[in-house]
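Below is one structure, written out as structure tokens, with a few remarks after it.
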Amino acid sequence: MAKPRRASTQAPHLDPVHHGTLRPGTPDLLVDDADLEGLAFADLDVPLLSLGGASLDGCALTGVVAAEADWRSTQLRETTFERLNVPVMRAPRGVWRDVVLTGARLGSVEAYETAWQSVHFVGCKLSFVNLRGAELLDVAFTDCVVEELDLLSTSARRVAFRGTRIGRLNLQQARLEHVDLRGCELEELDGLDGLRGVTVSPAQLDLLAPLLARDKGLKVEGD
């Protein structure tokens, strides 16, 4: 009798974002509770990018710089960001679907209790990302640097890190399924019990072995 085939790790399902003809947008439209569709914003430098409660559908933001951003409960759909530069971003309880960020430079990102679906970070540098209690489905980090990623109590399915370095990863109480760390250079890890549902490479498993032994109180000694 043939052995049952083991299920392979599923990659994120990322829907490409294609913009048609976009109308030019002006900075005065980027305000709280705005309802924006089919607009392009380029080369803006503002002290505060405040979009709390706003809805952006089919928009493109290129070369936008802000000292801080307030995106509380913001809804993003089929929206792209290129070279977004924001040292402080407050974006909790938002809904992002079909969003691509390319070449972004983000400092502290408070994105707890968010819902992300088909979100792709490409060539981005992020300092601290707080995704506590978030719902992640089909999310990818490609060629990124993330100094600290906090996934405490996060639910994540089909999430991948490709060519990405993470300084510190917190998986405490996380619920993970098809989370692929094989393309990730990981330096520190908190929450070994949260590794259930994670795929690692043989080389990564060797690096994790001392952490696993210490967590379970095992002594590893020579003969």
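The values are calculated or read from the model by the stated rules, or taken from the named source; none is laboratory data. None of the values given here were measured: they were computed from a predicted structure. Heads up, the Cβs are rebuilt from the backbone with ideal geometry, glycines too, and the neighbour counts pull from every protein chain shown. Surface areas here come from the heavy atoms of the whole protein model, side chains and all, with no ligands, DNA or RNA. Shrake-Rupley method; radii C 1.70, N 1.55, O 1.52, S 1.80 Å.
At-a-glance table
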{"item": "Positive-end residue of Val122, Asn170, Ala203, charge dipole of the range 92-220 with Cβ unit charges", "result": "Ala203"}
{"item": "The chain - accessible surface per residue (Å², probe 1.4 Å)", "result": "53 Å²"}
{"item": "Exposure of Asp32 as accessible area (Å², to 10), given a probe of 1.4 Å and all protein chains", "result": "80 Å²"}
{"item": "Reciprocal mean inverse distance between Cα atoms of the range 1-102 - Kirkwood radius, Å", "result": "14.8 Å"}
{"item": "Environment charge at Asp150 (Cβ cut-off 14 Å; Lys +1, Arg +1, Asp -1, Glu -1)", "result": "-4"}
{"item": "Local net charge near Arg97, Cβ-Cβ under 15 Å (Lys/Arg +1, Asp/Glu -1)", "result": "-3"}
{"item": "The range 73-168: relative contact order in percent, alpha carbon pairs under 8 Å with at least 6 residues between", "result": "21 percent"}
{"item": "Within the accessible area of the chain (1.4 Å probe), percent carbon and sulfur", "result": "49 percent"}
{"item": "Highest to lowest packing among 191-204, 171-184, scored as the average C-beta count within 10 Å", "result": "171-184, 191-204"}
{"item": "Charge dipole (debye, nearest 20) of the chain; +1 at Cβ of Lys and Arg, -1 at Cβ of Asp and Glu", "result": "900 debye"}
{"item": "Option label - Cα extents along the principal axes in Å computed here, alternatives (1) 58, 39, 38; (2) 63, 44, 24; (3) 71, 43, 25", "result": "(3)"}
